[in-house]
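Please read the structure below before turning to the comments.
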Amino acid sequence: LMSWLVIAVLAVASAACASEPLVQVDPATYRSELGAVCKQTDLQQAALTDPVDAATTAAFAQQVSTILTAEANATRALQVPADLDDDHRTFIQNTDDQARQWTVLASTSVDDGAAFGDVQTAILQLTLGRDDLAAAMGIDACRAAGPDAP
């Protein structure tokens, strides 16, 4: 009799857990929070000293990578409305990909013009893709061109 009681209690408890309602996330709140993350990233990048030679270019690229990695991690921590979940994951993937490309740029010799140019092109393509995604998501603060861009 006791084992049946335990099984019944566990069954009710597991059913209760399985039927917990999902947390509803306000899309406007999500957009505002992600916009704030992007603005923080912009401020951090704007504070970097522009590179003047090969050594400072490598350091600059590594710093950008670190900033973008932090942005991806902060974005992961946000609660996401169900209708933006796919775009959210794509946004994080793009940010991670950009961070990786900046790391590659940091280790690519500026003297190897073709390789350096290829990495710069990859970063530009990712940036343009992210801009399109941010515009589609209605989060202009996350566009590289800024909120006033067409």
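Could you order S32, S107 so the one with the most accessible surface comes first? Probe is 1.4 Å. Walk me through the numbers on the way to the answer.
Numbers: S32 75, S107 100 Å².
Order by accessible area, largest first: S107, S32.
In the assembled protein chains, R89 presents an accessible area of approximately 130 Å² (probe radius 1.4 Å).
Over all other residues within a Cβ to Cβ distance under 14 Å of D83, the charged ones net out to -2, with Lys and Arg as +1 and Asp and Glu as -1. Between C142, Q98, Q44, the Cα set farthest toward the positive side of the dipole of the range 34-150 (charges on each charged residue's Cβ, about the Cα centre) is that of Q44.
The values are calculated or read from the model by the stated rules, or taken from the named source; none is laboratory data. Since the structure is predicted, the reported quantities are computational estimates derived from the model, not experimental observations. Cβ: placed from backbone, ideal geometry, glycine included. Neighbour counts: every protein chain shown. Just the protein is used for accessible areas: all its heavy atoms, side chains included, with ligands, DNA and RNA removed. Shrake-Rupley method; radii C 1.70, N 1.55, O 1.52, S 1.80 Å.
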